[in-house]
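Here's the structure, in structure tokens; my notes come after.
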Amino acid sequence: MNAVRATVFVLFLPLLTAFSSSFCPLEAIGLGASSALASASPAVRVSAQAKLCKSFRDKGLAYPPRDVTFLVIKDEMNMEIWSKDDHGKDVLVDVYDFVASGRCGPKLARGDLQVPEGFYKVVGLNPNSRYHLSMKLDYPNRFDIDMAKSDGRRSLGGDIFIHGNAKSMGCIAVGDRGIEELYQLVSDAGVGNVRVIIAPYDFRDMPIVKINSASLPKWAPALYKDIEREMARFAKSVKRPQPAAIPNPPVRTVSATAQ
């Protein structure tokens with residue numbers, strides 16, 4: 001039966017490829033050996049690529065993009081995907097639901113179950129994650145290390161990922177279908193062209209002055225001000241896309257490992 005299915009898919013693969021290439025250049029389809037999703041089935045890769053190409057095309061954007069920003073809003077558990085058009089204007093492409101452990105506030109120590117807050121980069125792609133696929137963030141970065149030193153903290157933790165599934169222990173779990181699309185997007189755009197902004201709240205709606213900073217580190221308000229300033233670039237649309245729901249119910253229980 002598996003052999004029959006494989007034969008059927010091979011026969012239909014040219015049609016799937018043609019369908020996808022109507023949205024974007026053929027080299028972006030991700031069917032070559034260099035694809036970051038090389039270990040995934042061709043059907044998964046074609047499906048993810050077709051969805052991405054259509055989403056970008058519908059916004060008048062080229063694919064693959066040269067610039068991508070993941071805007072992560074913790075209290076809403078939404079991740080907005082932004083990219084620049086030919087004139088340098090930031091355009092909202094899509095929104096994904098996610099699941100995360102912890103609460104609003106920066107990550108301070110190993111095992112605190114907090115999702116970090118601040119400005120991060122994707123530094124690694126893992127096609128063999130126990131959570132389907134995962135993308136490693138550069139936490140702790142230079143800022144995190146400097147703030148820990150000023151606080152006298154030593155064990156900062158690490159291994160923070162954006163990954164599949166719907167369980168979190170300080171990570172951002174976007175579901176299996178979500179990670180297939182985001183993983184392919186990062187692969188096509190290039191990890192060096194993707195940045196991740198993680199905010200406790202949507203500062204476009206909630207001014208920092210309304211946040212009770214009594215329980216926060218002394219440096220947090222300044223960090224939040226920087227995040228607020230950067231978020232202001234991304235105009236919140238009245239017709240915001242509905243986030244792609246995670247198939248599992250959003251829970252805050254923790255998993256055995258972070259990635």
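Provide a single number: the residues in the range 115-139 that are in contact (Cβ under 8 Å) with a residue 24 or more places away in the chain and either farther than 19 Å from residue 187 by Cα or in a loop (DSSP other than H, G, I, E, B) (or both).
Matching residues across the range 115-139 total 13.
Among 95, 91, 72, which is modelled with pLDDT of 95 or more and either closer than 19 Å to residue 223 by Cβ or small (Gly, Ala, Ser) (or both)?
72
Taking interchain pairs and intrachain pairs at least six residues apart, which have beta carbon atoms under 8 angstrom, with the first residue in the range 51-72 and at negative phi and the second surrounded by fewer than 19 Cβ atoms within 10 Å (Cβ to Cβ) and of a type in the set (Phe, Trp, Tyr)?
69/234; 71/234
Filter the range 44-89 down to the residues that are touching an Asp or Glu at 6+ places or on another chain (Cβ under 7 Å) and either part of a loop (DSSP other than H, G, I, E, B) or of a type in the set (Asp, Glu) (or both) and list them by number.
60, 61, 64, 76, 77
Residue 105 - would you say it is out of contact with any helix residue (DSSP H, G or I) (no Cβ under 8 Å at 6 or more places or on another chain) and either of a type in the set (A, V, I, L, M, F, W, C) or assigned to a loop (DSSP other than H, G, I, E, B) (or both)?
Judged against the criteria, residue 105 is not a match.
Any idea how many residues of the range 155-210 are part of a helix (DSSP H, G or I) and either touching a Lys or Arg at 6+ places or on another chain (Cβ under 8 Å) or closer than 28 Å to residue 54 by Cα (or both)?
So the answer is 18.
I'd like to check something: does the range 174-197 contain any residue that is at pLDDT below 90, out of contact with any helix residue (DSSP H, G or I) (no Cβ under 7 Å at 6 or more places or on another chain) and over 21 Å from residue 100 (Cα atoms)?
The answer is no, given that none of the residues of the range 174-197 is at pLDDT below 90, out of contact with any helix residue (DSSP H, G or I) (no Cβ under 7 Å at 6 or more places or on another chain) and over 21 Å from residue 100 (Cα atoms).
Given the criteria buried (at least 22 other Cβ atoms within 10 Å of the Cβ) and closer than 28 Å to residue 214 by Cβ, does residue 131 qualify?
no
Filter the range 103-124 for residues that are surrounded by fewer than 19 Cβ atoms within 10 Å (Cβ to Cβ), under 14 Å from residue 197 (Cα atoms) and among the charged types (D, E, K, R) and give the result.
Residue satisfying the conditions is 121 alone.
Filter the range 68-84 for residues that are surrounded by 15 or more Cβ atoms within 10 Å (Cβ to Cβ) and charged (D, E, K, R); which is nearest to residue 104 (Cα to Cα)?
Going through the qualifying residues, I end up with 74.
The values are calculated or read from the model by the stated rules, or taken from the named source; none is laboratory data. Worth saying up front: this structure is predicted, and the values here are computed from it rather than measured. Here the Cβ is made from the backbone with ideal geometry for all residues, glycine too, and neighbour counts use every protein chain on show.
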